[in-house]
Amino acid sequence: MSKKEVYGIVVDTAGRPLNGVSVHLTSSRDTLFSSTSATGYFHFNRVLGNDIRISCSQLGLSILERSYPLYNSTTAKLDVGKLTMFPHVSLLKEVVVLKYKPIVYKQDTVQFNLDAFQFDRRALLEEALKALPNIQVSRDGSVYAFGKPISSVKVDGKKFFGGDVLTATRNLPADFVKKRSSY
């Protein structure tokens, strides 16, 4: 069986050469890959087999597929000419982006929106606090915000668990708190 050369140029709808297009050639006995040059040119050497299929793909363009049944052709070269690729147009469904402001600064208060941070929602408040920037939780349960110790815990403006930080952070579920403020 003779070996063949297969080559061509890939262009866009305006006839401009396309650089970097993935070109995939399959035949009855071969599978080859290449990409186009800056001039849109691709070239395959020593192609085995007769029925040749070329597939061209590039992001933003529709996949182009062409078949060239050579059968028992004795032609050593196959110029497939210009292959024109068309823009791929697809409509996306509506996307709604919900964004939480992770941190809000209010005069002398820094408020963290816990919904904006990654942590196990089934965990205790102590684990949620560890996920916040500039908040440290020591092994003994002491909590520090911006390097200063937190001395009490308030819920809706009232001291919770008598203000005891350790009791609150190790007993409250993380999803109980939506926002956390540091003064």
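Numbers for the structure displayed
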{"quantity": "Dipole in debye (nearest 20) - the chain, about Cα centre, beta carbon charges: Lys, Arg +1; Asp, Glu -1", "calculated": "300"}
{"quantity": "Sorted largest first, extent of the stretch 76-182 alpha carbons per principal axis (Å)", "calculated": "88, 32, 27"}
{"quantity": "Inter-label distance for SER37 and TYR144, nm, one decimal - labels placed 7 Å from Cα along Cα-to-Cβ", "calculated": "6.3"}
{"quantity": "Taking the C-alpha atoms of the stretch 29-73, convex hull volume expressed per residue in Å³", "calculated": "88"}
{"quantity": "The stretch 1-126: C-alpha pair distances exceeding 20 Å, %", "calculated": "60"}
{"quantity": "Extension gain (nm, one decimal) between LEU124 and HIS24, 0.36 nm per residue minus Cα-Cα", "calculated": "30.6 nm"}
{"quantity": "Lys, Arg +1 and Asp, Glu -1 on Cβ, resulting dipole of the stretch 103-161 about Cα centre, debye, nearest 20", "calculated": "140"}
{"quantity": "Nearby aspartates and glutamates by direct alpha-carbon distance to LYS148 (threshold 20 angstrom, same-chain neighbours under 8 apart not counted)", "calculated": "ASP108, GLU126, GLU127, ASP140, ASP164"}
{"quantity": "Relative compactness, the stretch 103-161, computed as alpha-carbon Rg over 2.2 N^0.38 Å", "calculated": "1.14"}
{"quantity": "Net length gained if the chain between ARG53 and GLN107 were fully extended (0.36 nm per residue, minus Cα distance)", "calculated": "12.6 nm"}
{"quantity": "MRE, 222 nm, helices only [DSSP H, n ≥ 4, -39500 (n - 2.57), over the chain, to nearest 500]", "calculated": "-1500 deg cm²/dmol"}
{"quantity": "Cβ crowding within 10 Å averaged over residues, with 11-19, 88-96 ranked highest first", "calculated": "11-19, 88-96"}
{"quantity": "Reachable lysines from LYS4, criterion Cα separation under 18 angstrom, eight or more residues apart if same chain", "calculated": "LYS77"}
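No value in this document is a laboratory result; all are computed from the given coordinates. A quick note: this is a predicted structure, and the numbers were derived from the prediction, not measured. Neighbour counts are summed over all protein chains in view; Cβ atoms, including those assigned to glycine, are modelled from backbone coordinates with ideal geometry.
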